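Every number in this text was worked out from the coordinates using simple rules, so none of it is lab data. Treat the numbers as computed from the prediction; the structure is a model and nothing was measured. Cβ placement follows ideal geometry from the backbone for every residue including glycine, while neighbour counts extend to all protein chains displayed.
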Amino acid sequence: MISSYKQLSSKYLKGNIKRTVLTFVGIVLSVALISTIGLFMKGSQLSQIENIKKLDGVSFHVGISNYDEAILNKIRYNPQIASSGLMSQGEVVPAGDISVQMNFADYPAMAFLTYSLVDGKLPANGDEAVVDSWALPYIKDNLQIGDSFELGGNEYKLVGILNNREFTQKSKVARLLTYKRDFVAGEGRILVEIDEKADFNKVIDEINSLTESTHIEINQQLINVLKPGTNESVLAMVIIVVSIVVIATAVVIYNAFQISVVERMKQFGLLRSIGATRKQIRQIVMREAAVLAVLAIPIGIVCSILALAVLQFIFDLIIKNGAGVSFFHIDWQIILISSILTLAAVFASSYYPAFSAGRISPLLAISSRLSIKKETIKKQKNVVLKKPLSFPLSLALKNVKRNKNRYTITILSIIISSVLFITFTSIMDFAFSSKYVEDLSTKSDITIHLQVDNHDSIASGSQQVLKLLKSFENVSEVELQDARFNIHLQDVDQSNATAQNIQQTIGTKFDITIIDNVHENKSKQESELVIKVLVYSFIAVVSLIGSLNIINTITISIIIRRKELAALKSIGMSQRDLKKMIIYEALIYGISGSLQGIFFGCILSYIMYLAVSGISAIEWSIPYEACLITFAAALLISYASVLIPLRKIQKDNLIDVIREQS
């Protein structure tokens, strides 16, 4: 027994499970979209921070040289600076055919250099050292971690190996890093890490005021990723993306509730006729929204977390060393914000349908005349006789024109999904066109530069070196470009041994410079793959949610017309013509929605380009490929979305459906 009108909300939800489930799914998709994008952006930010640190080999934000004691104290005692350390360069010591640049750092500075380490650990005292991997054979034969070696009159214990850098191999000046406790004021430079909670722009301005800008090195690439708000272009892009997602979420939820209210106009009219006030009708709808939101939000968040977990699992399968790179990051602050935004979107989106339900005229609602509008007859003169359209197509066009409200609601979901796909595809194109990704292009495993005096010597020497290189067991391919040899190895893990063999065999006969690119290539390949997995997975998630949203909306719009479709069949319309009519309607929705979505998507793509142009110099062009995919996918999804409802309608008993009370 119902003791309060508020209980009608739960009665309505339980009474029509199909409609409730479809509306529920719409909210789940909305919260999944917004939370997945939020967690995706956070996870991709963290992975990009790690990738930049690995590629640069350092993690400090600012470096200050030519400092004095006053500047050092201001840096150390600044509450907005998380950590600072000192690092300096010593003398260059000869070691066989190469030289070694001595580097010294204290404990805080060592923490900024962990990303340069390939194996082992960083020095803990002045008797320990780490050295470039390529330089080990030159310093001592078969030098391994734990062995001792002498350099520059000092004896060190090798505790770690640094990654190979192209500039050190080209100059034949290797790096050695060891610990130093006491530094003279002005020696070397100060390495600074700014507190993540601080205002980076303000702190950098304070540092710039301490000394000349030529004495300050800012790790701008790392700061841009760590704090997108410090770059106006990045901030503008983030705001645009978040706005699109929030608007899309609101529209999806609005569609679900608007269709639900339109279906139950007669029920609301009956309630009004027995004394229900407008406020009570609104409260019934808003209460339904609250119940569905409370149940759907947790499920949507769980779905987004599971989606990210699956993507992380796939990523780990693709990259054998992928365990060190993770974009699966649960941020409870983002989840809370996503929940609040979705809840706000639910109430905001359901308010207008609730307001419309409260304004229903009891007489018109009960007589089912709300959707009947008097149309003006357009008189046409000098009409040329032409072959009429097929009956199902003519009826489909009239149905679309007859109910503008339902037409608008249905194509809105298609427009939003199309805009999301085109916009995020454009972001993907911008990302792949950026200088950061272009810098990730890999080189050959080993590069050898032949030093000769004249052109004739280059030709003869190159052929001899080429022949010798092809004789090495681990060499799979050798490309000759002028006096440079690009070598691809069968087993990259043996690159050090191969480089050493080349030096001992060819280096004794020719003046060559060997550059081992294996470590650098691995870092670049991993970074590039992370970007691709993140971007393509992101597009896949957005496309999946958008597709389900279109299917959900079109399915609802057909299910609520069961009585209308049954009436058409009762007056002689065949099942075949009915099927054609509904398919034509779906295709009309798909064509209209996708074309409008493509138009607005291209506009947003250009706006995104204007925002991104401040970060990277790229050119904008109409995303023809994305537009074509959007158009084709909208038609395919619209067609597929009517097949299941059609099967159910085909099984309906005409008399029972017509007798149903709305």
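Using a Förster distance of 56 Å, how high is the FRET efficiency between ALA309 and SER209, based on the Cβ-Cβ distance and rounded to 0.05?
Details: r = 47 Å, r/R0 = 0.83.
So, using R0 = 56 Å, E works out to roughly 0.75.
Efficiency by 1/(1 + (r/R0)^6): what FRET value for GLN525 and ALA348, r their Cβ-Cβ distance, R0 = 51 Å, to the nearest 0.05? All intermediate terms of the calculation are to be shown ahead of the outcome.
On the way: r = 45 Å, r/R0 = 0.89.
Approximately 0.65, to the nearest 0.05.
What ranking do 85-91, 575-581 get when scored by the average of other Cβ atoms within 10 Å per residue, highest first? Provide the component values of the computation, followed by the final result.
Numbers: 85-91: 17.6, 575-581: 16.0.
So the order, starting with the most tightly packed, is 85-91, 575-581.
GLN650 label point, 7 Å along Cα→Cβ, cut-off 16 Å on backbone N: hits in region 552-577?
566, 569, 574-577
For a 31 Å ceiling on Cα separation, which of these pairs sit above it: LYS401/LYS569; LYS404/LYS579; LYS53/LYS197; LYS18/LYS532; LYS11/LYS580; LYS140/LYS522? Don't skip to the end; give the middle numbers.
On the way: LYS401/LYS569 21 Å; LYS404/LYS579 21 Å; LYS53/LYS197 19 Å; LYS18/LYS532 39 Å; LYS11/LYS580 36 Å; LYS140/LYS522 26 Å.
As for pairs spanning more than 31 Å Cα to Cα, those are LYS18/LYS532; LYS11/LYS580.
Based on other C-beta atoms within 10 Å, arrange ARG359, ARG562 from fewest to most.
On the way: ARG359 11, ARG562 16.
Fewest-to-most Cβ neighbours within 10 Å comes out as ARG359, ARG562.
Could you check the simple spin-label distance between LYS121 and ILE629, using points 7 Å along Cα→Cβ, in nm with one decimal?
In this crude spin-label approximation the distance works out to 4.8 nm.
By the scheme Lys and Arg +1, Asp and Glu -1, what is the net charge of all other residues having a beta-carbon under 12 Å from that of ASP195? Before the final figure, lay out each step's value.
On the way: positive: LYS197, LYS202, LYS227; negative: GLU193, GLU196, ASP199.
Once positives and negatives cancel, what remains is 0.
If R₀ is 45 angstrom, what is the calculated FRET efficiency for the pair SER621 and VAL184, using the beta carbon separation as r and rounding to 0.05?
On the way: r = 57 Å, r/R0 = 1.26.
Here the calculated transfer efficiency is 0.20.
For PHE355, PHE60, what ranking results if the residue with the fewest other Cβ atoms within 10 Å of its Cβ goes first?
PHE355, PHE60
At a 10 angstrom cut-off on C-beta neighbours, averaged per residue, how do the peptides 204-214, 160-170, 135-145 rank from highest to lowest?
On the way: 204-214: 13.4, 160-170: 19.0, 135-145: 16.7.
Packing proxy ranking, top to bottom: 160-170, 135-145, 204-214.
Evaluate the distance, in nm, between pseudo-label points positioned 7 Å from the Cα of LYS401 and of ARG562 along their respective Cα→Cβ axes.
3.0 nm
For region 62-218, what is the convex hull (Cα atoms) projected area averaged across all directions, in square nanometres?
Details: hull surface 38.6 nm².
Computed as one quarter of the Cα hull surface, the answer is 9.6 nm².
Just want the ordering: GLU288, GLU150, GLU193, from fewest to most Cβ atoms lying within 10 Å of their own Cβ.
Details: GLU288 23, GLU150 11, GLU193 18.
So the residues, fewest neighbours to most, are GLU150, GLU193, GLU288.
Among DSSP beta bridges whose residues both lie in region 62-218, state the antiparallel percentage, nearest 5.
Numbers: 30 of 42 bridges.
Of all bridge pairs located within region 62-218, approximately 70 percent are antiparallel.
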